[in-house]
Amino acid sequence: MQTFERLDMLRTEVAALTDGGARLALVPTMGALHEGHLTLVREAAKHADHVAVSIFVNPTQFGPNEDLDAYPRQLAEDSAMLEAEGVSLLWAPTVGEMYPMGFASSIAVEGVSAGFCGANRPGHFDGVATVVCKLFHQVLPHVALFGEKDWQQLAVIRAMARDLDLTRPHVTDIIGVPTVREPDGLAMSSRNRYLTPPQRAAAAALPNAMQLAKAEMEMGAPADTAMATLREVLLTSGFDSVDYANLADAGSLQVLEKLGEEPARLLVAARIGSTRLIDNLAVG
Ligand code: PAF
């Protein structure tokens, strides 16, 4: 595996790797890799001849009071994990390489960015869309893979790629990969490591409460009723607050009052102490 910090060197290697028609898959990450990321890497290998992974803790997607400085950084450990997975190329730019002096552009994807995490974290999805657009142009992958755990992020990236014609000729496909869960159901996340042991035990209430709400809605309950149950279970199980809990159309992310014919998704963000956990589930 070759690691690059500089764009000119990355571009030379990408050209060499894809010379002769080899396919390249990209797995964008912010590092602090866990089994969820490695699942994306393994899935990527099924779609391409070479897998590239980016590790970049993107400052523009963190709000002023968020955990940018505290976000875990462990490049050597991550690098060893990726090497063991047979990754060809690691793109680990510095902040200065990604956002050189005078950088002044931003991509805003209206609609799907607005609610849920977009409402709680102003500017977050502009930062995500901008950096992912840059990563696509830098790595020129044929396919890019993202975890379904960040369902709204996946919807934003798909909308951006469609609107800005990024799907051809460079990134031909954007693949969502199902969430990888711990044995007790908690979705894997780099932020789980912030939880104290009692908080970690309480966090298992999140997937359980979501399954309960899903079952209620599938038996005909309106979304409001199921969300009230979900909030109550979380708040009596050790969660401090619920940022949002909604049933939404899986594609447009329009909030739904009850299940209909179209694919729907239950989306939740809730906090234990200072840690904010998000999760989502297909319903119906
Ligand atoms: O999901 C993430 O890790 C990040 O939001 C991403 C897609 C790598 C952009 O910084």
query = Averaged per residue, what accessible surface does the range 141-284 expose to a 1.4 Å probe, in Å²?
reply = 45 Å²
Residue among Gly238, Gly127, Gly20 with the largest mean-square fluctuation in a Gaussian network model of the chain, springs linking Cα atoms under 10 Å = Gly20
message = Below 8 Å, C-alpha to C-alpha, sequence gap of six or more: please give me the relative contact order for the range 88-175 in percent.
response = 30 percent
task = Report, in deg cm²/dmol and to the nearest 500, the calculated mean residue ellipticity at 222 nm for the chain, where each DSSP H run with n ≥ 4 adds -39500 (n - 2.57) and the sum is divided by the residue count.
result = -11000 deg cm²/dmol
For Arg181, distant residues with modelled amide H under 5 Å away = Met188
query = Under a 1.4 Å probe, what is the accessible area of the range 42-103 per residue, stated in Å²?
reply = 51 Å²
inquiry  = Taking 8 Å as the Cα distance limit and 6 or more residues as the minimum spacing, I'd like the relative contact order of the range 1-118 as a percentage.
reply    = 35 percent
inquiry  = How would the range 141-254 be classified by its alpha-carbon gyration tensor: rounded, prolate or oblate, with rounded meaning a/c under 1.5 and the a/b versus b/c comparison settling the rest?
reply    = oblate
note = Given backbone amide H placed at 1.01 Å from N, residues whose amide H is under 5 Å from that of Val283, ignoring those fewer than 5 places away on the same chain, are Ala264, Arg265, Leu266
ask   = Lys149 accessible area, nearest 10 Å², 1.4 Å probe?
value = 30 Å²
note = Note to self: C-alpha centroids of the range 175-217 and the range 61-112 sit apart, in Å, by 24 Å
task = With viscosity set to 1.567 mPa s and temperature to 4 °C, compute the Stokes-Einstein D of the chain, Rh being the Kirkwood radius across alpha carbon pairs; µm²/s, no decimals.
result = 66 µm²/s
message = Show me, for the range 84-100, the HN-Hα J-couplings you get by feeding each phi into the Karplus relation (A = 6.51, B = -1.76, C = 1.60, θ = phi - 60°), rounded to Hz, glycine and proline as x.
response = 5, 8, x, 5, 7, 9, 10, 9, 10, x, 7, 4, x, 6, 6, 10, x
request  = First check a/c for the range 113-190, with a ≥ b ≥ c the square roots of the eigenvalues of its C-alpha gyration tensor; if it is under 1.5, answer rounded, and if not, answer prolate when a/b is larger than b/c or oblate otherwise.
outcome  = oblate
Antiparallel DSSP beta bridges within the chain, as percent of all bridges there, nearest 5 = 50 percent
request  = Let me know the number of lysine pairs in the chain closer than 30 Å at the Cα, not counting same-chain pairs under 8 apart.
outcome  = 6
query = Can you list the HN-Hα couplings for the range 214-219, worked out from phi with the Karplus curve (6.51, -1.76, 1.60; θ = phi - 60°), rounded to whole Hz and with x for Gly and Pro?
reply = 4, 4, 4, 5, 6, 8
ask   = Once the range 13-134 is represented by equal point scatterers at the alpha-carbon sites, with solvent omitted, what log10 I(q)/I(0) does the Debye formula produce at q = 0.09, 0.10, 0.13, 0.20 Å⁻¹?
value = -0.30, -0.36, -0.62, -1.22
inquiry  = Just to be sure I understand: with springs between alpha-carbon atoms less than 10 Å apart, which residue in Asp78, Asp173, Asp163 has the highest mean-square fluctuation in the Gaussian network model of the chain?
reply    = Asp163
query = For the pair Gln211 and Asp240, how long in nm is the line joining their label points, each one 7 Å along Cα→Cβ?
reply = 2.8 nm
Accessible carbon and sulfur surface of the chain relative to its total accessible area, %, 1.4 Å = 53 percent
query = Which FRET efficiency value, to the nearest 0.05, is calculated for Ala80 and Ser105 with the Förster distance at 45 angstrom and r the Cβ-Cβ distance?
reply = 0.85
query = Which whole-number percentage describes the relative contact order of the chain, with Cα contacts under 8 Å and a sequence gap of 6 or more?
reply = 17 percent
ask   = Nearest 20 debye, what's the magnitude of the dipole of the range 69-227 about its Cα centre given +1 on Lys and Arg Cβ and -1 on Asp and Glu Cβ?
value = 120 debye
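The values are calculated or read from the model by the stated rules, or taken from the named source; none is laboratory data. All of these numbers come straight from a predicted model, not from anything done at the bench. Every residue, glycine as well, gets a Cβ built from its backbone with ideal geometry; the counts of neighbours run over all protein chains shown. Side chains included, ligands, DNA and RNA excluded: accessible areas come from the protein's heavy atoms. Shrake-Rupley method; radii C 1.70, N 1.55, O 1.52, S 1.80 Å.
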